[in-house]
1. Rolling a 1.4 angstrom probe over the protein heavy atoms, how many square angstrom per residue are accessible across the chain?
2. Taking N as the number of residues in the chain, what value does Rg over Cα atoms divided by 2.2 N^0.38 Å take?
3. I need the shape label for the range 195-251. Rule: rounded when a/c is under 1.5, else prolate if a/b > b/c, else oblate, with a, b, c from the alpha carbon gyration tensor.
4. Cα centroids of the range 202-221 and the range 120-140: how far apart, whole angstrom?
5. Largest first, please: the extent of the C-alpha atoms of the range 375-414 along each principal axis, to the nearest Å.
6. Rounded to the nearest angstrom and ordered from largest down, what semi-axes does the equivalent ellipsoid of the range 250-373 get from its C-alpha gyration tensor (root of 5λ)?
7. Given axes a ≥ b ≥ c from the Cα gyration tensor, I'd like to know whether the range 1-69 is rounded (a/c under 1.5), prolate (a/b larger than b/c) or oblate.
8. When the distances between all Cα atoms of the range 316-408 are binned every 10 Å from zero, what whole-number percent does each bin get?
Amino acid sequence: MASDKLNVLLIGSGGREHALAWKLAQSPLLGELTCAPGNAGIAEVCAVVDVKADDMIGLLGLIDRGGYDLVVVGPEQPLAMGLVDVLHERDVKVFGPTEAAAMLESSKAFTKDFCDRYQIPTAAYGVFTESEAAKAHLDTMSAPYVLKADGLAAGKGVVIAEDLSTAKSELDEFFSGKFGDASAKVVIEEFMTGQEVSFFALCDGETAIPLLGAQDHKRAEDGDKGPNTGGMGAYSPAPVFTKQMMTDVMQTIIAPTLHGMKKDGAPFTGVLFAGLMITDEGPKLIEYNVRFGDPECQVLMRRLQSDLLPLLLAAVEGKLNTAKAPAWLDDPVVNVVLAAKGYPGAYKKGSIINGVEEVNERDGIVVFHAGTRRGRNCGKLKANGGRVLNVTASGETLREAVDAAYAAVEDIKWSQKQFRTDIAHRAL
Ligand code: AMP
Ligand code: GLY
């Protein structure tokens, strides 16, 4: 008789995927877990295969040979490339949205038009493919000006210009290919003020169940200064995001999105990540992502007490309406990202990192790897990317969690270590 344990393939190589692997590995329902391509931390949890997340042909070969019961897609690129659609044709169960549903992340113009049609609260906007009309639109607005490349730009496709002439020269750069094809279309938005919250909902095409809110820190330097990054740290819960607000967001933003996507023939399955601005008029959508956030996922997985695997399966199988609501640890969890000096600009790879194993033994601490690898001969841990490690800590209070995380950060010895010293400052 076939085993009722599930063999799972996880795709990705970041801190997000290490957290997902760490959580999946605790599931009593798990058979074997494989990750492509993974990193040095993930390799301590499960088997890793050297196939990159954007290598469609490599992934399909792996999946055709692998006999996986479930494929879990971490990052956005394979989703935007239509990996889920191809796996559906092959009758392989996969957690993540189709290419058409992934448009909620891969095209900002699509999402703004969608929000307009379904009355989802978001900033006023215009979409332009031509410089003269875009500049005429800017002339009607007041500063600051928000310009967005329509397509995927690795989190860098948004510019906030403080004055009109900067906005216009930025616009010229967008149209002359600053982000390649991604900025051939430009969204110009009204500027919103407030605190930002990342909110996650698990979706099966029809039903959505709320996961958690978290706060990210996108800028590279303390005090929210410096360039935008993929995210330098996160914490959850975010006190500004109350239970009532979560209920409201489910009603005014998530539910109409699920309804609209289904009506438009692109039902959304996977995790819907709403980037929210908590404005004086209530929460408004800044943008959607169609996957877990990184570094937010790491704090979510630390706080999730339920088994992750049946939740993902229920989403894939359209059974969230009967799924048990996930249980969460009340204790706050914080994640401090350690990046390589220079990130998000140029940085070096290959420097040696010491102290991670020792720190990982401590109560309440879990270190998730991002860009790491083991030296082929020495076996030492080496930096292999821009964001390199995630030091997560839980505590009875946020203060305790933050202090424990930074004590651990201090004890990780690495010449290229760069991090923000003010993660969770807003809540403290
Ligand atoms: P996005 O990639 O769309 O999440 O935008 C990146 C960042 O730009 C967001 O996290 C916000 O800090 C900022 N941003 C985007 N859109 C707006 C807006 N309409 N008003 C104010 N800030 C914005
Ligand atoms: N932390 C933001 C993102 O994953 O896009």
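The values are calculated or read from the model by the stated rules, or taken from the named source; none is laboratory data. All values reported here derive from a predicted model rather than from experimental measurement. Note that each Cβ is placed from the backbone with ideal geometry, even for glycine, and that neighbours are counted across all protein chains shown. For the accessible areas, the whole protein counts, side chains as well, though only heavy atoms, and no ligand, DNA or RNA atoms are used. Shrake-Rupley method; radii C 1.70, N 1.55, O 1.52, S 1.80 Å.
1. On the way: 17860 Å² over 428 residues.
Ligands and nucleic acids excluded, the result is 42 Å² per residue.
2. Working: Rg = 21.0 Å, N = 428, 2.2 N^0.38 = 22.0 Å.
Relative to the rule-of-thumb radius for its length, the chain sits at 0.95.
3. Details: a/c = 3.25, a/b = 1.98, b/c = 1.64.
Verdict is prolate for the range 195-251.
4. What the calculation gives is 28 Å, centre to centre.
5. 42, 18, 13
6. Equivalent ellipsoid semi-axes, largest first: 33, 20, 16 Å.
7. Details: a/c = 2.40, a/b = 1.13, b/c = 2.14.
Cα axes put the range 1-69 in the oblate bin.
8. Going out from 0 Å in 10 Å bins, the range 316-408 shows 15, 34, 25, 19, 6, 0 percent.
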